[in-house]
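> Okay, here's the structure, questions in a sec.
The values are calculated or read from the model by the stated rules, or taken from the named source; none is laboratory data. All of these numbers come straight from a predicted model, not from anything done at the bench. Ideal geometry is used to build each Cβ from the backbone, glycine not excepted, and the neighbour counts take in all protein chains shown.
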Amino acid sequence: MEAGGASAPRTRLAVAGARATTEAMLRNQPRRDVIRNAVFAGLLLLAVVIALAGLLALILQALAKGSSAISPDLVNNPPSTAFPDKAGYRPAIIGSLELIAGVLLFIVPVGVGAALYLEEYADKSRWWNTVIEVNIQNLAAVPSIIYGILGLAFIVRGPLDLGFILVAGSLTLALLVLPMVIIASREALRAVPDSIRQGSLALGATQWQTIRRQVLPAAIPGVATGVILAVSRAIGETAPLLLVGATVFVTFDPTPFGTDGYSAMPVQIFNYALRPQEEFQALAAAGIILMLVVLLAMNSFAIWLRNRYEQRW
Amino acid sequence: MSSQTTTATEPAGEPPRRLQAQSKRYGERAIKWALAFCALLSVLTTTAIILSLIGPTIGFFEIVPGSEFFFSFDWTPQFEPPSFGVLGVVAGTVNVVIWSMLVAIPLGLATAVYLSEYASPRLRRTIKPILEVLTGIPTVAIGFFAVSFILPEIIVPLWPGEFLGGAEGKPFMALAASLGIALMVVPIIATLSDDAMRAVPRGLHDGAYALGATKVKVATRVIFPAALSGIVASVVLAISRAVGETMIVLLAAGNTPNATLNPVESVQVMTSYIATTATGDIATGSIDYKSVFAVGAVLFVMTLIMNVVSIRLVRKYREVYE
């Protein structure tokens, strides 16, 4: 921007002059325009306030309704219809943790692998690679209940025939969030400049050595962001689990392959929320608080991570 | 290029050196194929979705005539004789989606215009991450909020008396679900449209100001039209999300098949029919089981069309400006 040495004062003078003229012109705007601008800006701000207020109200309402039910019982006790004041989420929490462990085992290798293929190996001019790409973008927007149908017909019954076990739920959720991981990982890989790859290849590294030692380490923050966001989506997802056998009243600690049924946090919340009694409503709200604390912390961390390590090469 | 052998610049006496890899590097190839398989898994997922929908849907149409399914508004699978007019639940979906979009589109777009044109960089850096974090609120929480707060504390007190039958004393209604869905999609519309508006080249923006345009004119007549394909894509994606949303509707809209656009009625939508019918104990091969897949196929095709439109629109604006 600097015009350099001798002309700098002159540039500064010209800029100051232009700025003064602009400001004078702006002040001479017709009254109508000034009012119109102010009204428009006011309306926009109102929309922002309404959007944020709605979401704030959601959090405050959960706190107001659920704070009475927050106690160690909430995480230590199984659900109960007879003693709602002692009921809790223990099997649901354990179920959710096991579901998420399975999701992670699946989405990290497969998601990163797919992204690596599409970014590092695929020839973009080939039609089949375009098909894969569009297909992934579409899968990211397929309704979650459709994944439930897939899980029911393909994983629980049908070809895989696993039955109503926790692993089937885990696999269904993994397929649901896989596109998110692939899309985020691809963006992270694309942000690594080509000069890094070329430098590595020029030094004699093979393509895989280049990817493993140079490209992947540089892309890790972006990949991690995608994985965290995907996991937080999987934790909060309810609808597909209803179809693949997450039964709502499990009073024992679920196991990955147990055929007696399993439960998950959002499914248990849903069940409590359907019951009109005050105690169950409070339990539902308390469960929501618990989930919001975990999910908002995870999402905030993911977005912080992305913004912090968004490298400008 | 790696297959060329260089001979011209070799010093005399030494044999020409080959630039080809010395071994075949089977490991490298195996890795490539393993990664390609991971990518292919996504195509297999789509194929599996389509296959699992098609089979039972064909079985369904062997029992229920297509004319009844596609052209009747009577959705009463539990009656004797049952009637499977899918328009009955499609109407419920349309009801919920229309009212949610009437609220969400203006709010989302206004938020996007504010973020990209009005907010100071600092304010933007605060609001945008908040919106992004909020897209992660589980829908079961939004559904609970819709039925236990939006309905009794907002809709009932503000509803104009007996208008459309009145809102008083109703435990469920489409409008509560609509407002919950609006809450869910406003951050989606706002962040995606903001991205689209910020992808408009700075020059268009500065040029309009230099010609003396006011801030309103720059925002509404220059930036907004220039970003239109991205904005429409965000709205289409939001509609697709609203159509496929299950938990909010299941909790707040009741579950009564009702072919009406009246927002204060209780309705059943496609997703809530699937979620309440296809629970663990449903018998494989029964007509109810098959009807779930038929409704699922309709839902899948509807959202597929919207997703493809949205993806194409985003590609279009990327081509123009990036």
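> Just to verify a result, which residue in region B:225-260, among those that are assigned to a loop (DSSP other than H, G, I, E, B) and either at pLDDT 90 or above or within 14 Å of chain A (Cβ to nearest Cβ) (or both), is surrounded by the most Cβ atoms within 10 Å (Cβ to Cβ)?
Taking the candidates together, the pick is B:Ala253.
> Let me ask something else about it. In this structure, is A:Ala153 at pLDDT 95 or above and within 11 Å of chain B (Cβ to nearest Cβ)?
So A:Ala153 fails the test.
> May I pose another question? Taking the residues in region A:76-104 that are over 21 Å from the mean Cα position of the chain (by Cα) and surrounded by fewer than 16 Cβ atoms within 10 Å (Cβ to Cβ) as candidates, determine which candidate is nearest to A:Ser232 (Cα to Cα).
Looking at residues that are over 21 Å from the mean Cα position of the chain (by Cα) and surrounded by fewer than 16 Cβ atoms within 10 Å (Cβ to Cβ), I get A:Asn76.
> While we're looking at this one, here's another question. Given the criterion over 19 Å from B:Leu51 (Cβ atoms) and either touching a strand residue (DSSP E or B) at 6+ places or on another chain (Cβ under 6 Å) or of a type outside the set (D, E, K, R) (or both), identify the matching residue among A:Leu162, A:Leu166, A:Leu152, A:Leu139.
A:Leu166
> Taking B:Trp33 as meeting all but one of (1) under 27 Å from the mean Cα position of the chain (by Cα); (2) at pLDDT 90 or above, write down the number of the exception.
(1)
> Then there is this: Over 21 Å from B:Phe144 (Cα atoms), within 8 Å of chain B (Cβ to nearest Cβ) and in contact (Cβ under 8 Å) with a residue 24 or more places away in the chain: which single residue out of A:Leu116, A:Leu99, A:Leu104 fits that description?
Answer to the check: A:Leu116.
Per-residue answers, yes or no, for (1) away from chain B (no Cβ under 12 Å); (2) without any contact (Cβ under 8 Å) to a residue 40 or more places away in the chain; (3) part of a helix (DSSP H, G or I); (4) among the charged types (D, E, K, R):
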{"position": "A:Gln29", "(1), (2), (3), (4)": "no, yes, no, no"}
{"position": "A:Asp33", "(1), (2), (3), (4)": "no, yes, yes, yes"}
{"position": "A:Arg36", "(1), (2), (3), (4)": "no, yes, yes, yes"}
{"position": "A:Gly42", "(1), (2), (3), (4)": "no, yes, yes, no"}
{"position": "A:Val48", "(1), (2), (3), (4)": "no, yes, yes, no"}
{"position": "A:Leu52", "(1), (2), (3), (4)": "no, yes, yes, no"}
{"position": "A:Leu56", "(1), (2), (3), (4)": "no, yes, yes, no"}
{"position": "A:Ala62", "(1), (2), (3), (4)": "no, no, yes, no"}
{"position": "A:Lys86", "(1), (2), (3), (4)": "yes, yes, no, yes"}
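> In addition: Residue by residue through region A:223-270, note down the ones that are assigned to a loop (DSSP other than H, G, I, E, B) and either within 7 Å of another protein chain (Cβ to nearest Cβ) or under 14 Å from B:Thr279 (Cα atoms) (or both).
Selection gives A:Thr238, A:Val244, A:Gly245, A:Thr247, A:Val248, A:Phe249, A:Gly261, A:Ser263.
> Take B:Pro157 and tell me if it is of a type outside the set (D, E, K, R), under 30 Å from A:Ala140 (Cα atoms), more than 22 Å from the chain's Cα centre (by Cα) and surrounded by fewer than 18 Cβ atoms within 10 Å (Cβ to Cβ).
For B:Pro157, the condition - of a type outside the set (D, E, K, R), under 30 Å from A:Ala140 (Cα atoms), more than 22 Å from the chain's Cα centre (by Cα) and surrounded by fewer than 18 Cβ atoms within 10 Å (Cβ to Cβ) - is not met.
> Which members of region A:139-183 meet the condition of being farther than 29 Å from B:Thr284 by Cβ and buried (at least 23 other Cβ atoms within 10 Å of the Cβ)?
A:Val181, A:Ile182
> Go through (1) within 10 Å of chain A (Cβ to nearest Cβ); (2) outside any helix (DSSP H, G or I) and name the single condition B:Gly55 misses.
(2)
> Would you pick out the residues in region A:121-146 that are in a helix (DSSP H, G or I), more than 16 Å from B:Ile311 (Cβ to Cβ) and facing another protein chain (nearest Cβ under 8 Å)?
Result: A:Tyr121, A:Ser144, A:Ile145, A:Ile146.
> Can you name the residue in region A:105-131 that is modelled with pLDDT of 90 or more and surrounded by fewer than 16 Cβ atoms within 10 Å (Cβ to Cβ) and is also nearest to B:Lys32 (Cα to Cα) among such residues?
This residue is A:Pro109.
> Scanning for something touching a residue at least 12 places away in the same chain (Cβ under 8 Å) and either in the same structural domain as B:Val292 (by TED's automatic domain parsing) or closer than 20 Å to B:Met302 by Cβ (or both), does region B:29-46 turn up at least one residue?
Checking region B:29-46: not a single residue is touching a residue at least 12 places away in the same chain (Cβ under 8 Å) and either in the same structural domain as B:Val292 (by TED's automatic domain parsing) or closer than 20 Å to B:Met302 by Cβ (or both).
> In region A:21-44, what residues are at pLDDT below 85 and among the aliphatic types (A, V, I, L, M)?
A:Ala24, A:Met25, A:Leu26, A:Val34
> If you go through region B:127-150, how many residues are of a type in the set (Ser, Thr, Tyr) and either at pLDDT 90 or above or crowded, with 20+ Cβ neighbours inside 10 Å (or both)?
Matching residues across region B:127-150 total 2.
> Check whether at least one residue in region B:261-275 is polar (S, T, N, Q), more than 19 Å from the chain's Cα centre (by Cα), under 25 Å from A:Phe249 (Cβ atoms) and surrounded by fewer than 22 Cβ atoms within 10 Å (Cβ to Cβ), and report yes or no.
Checked against the condition, which is being polar (S, T, N, Q), more than 19 Å from the chain's Cα centre (by Cα), under 25 Å from A:Phe249 (Cβ atoms) and surrounded by fewer than 22 Cβ atoms within 10 Å (Cβ to Cβ), region B:261-275 yields no hits at all.
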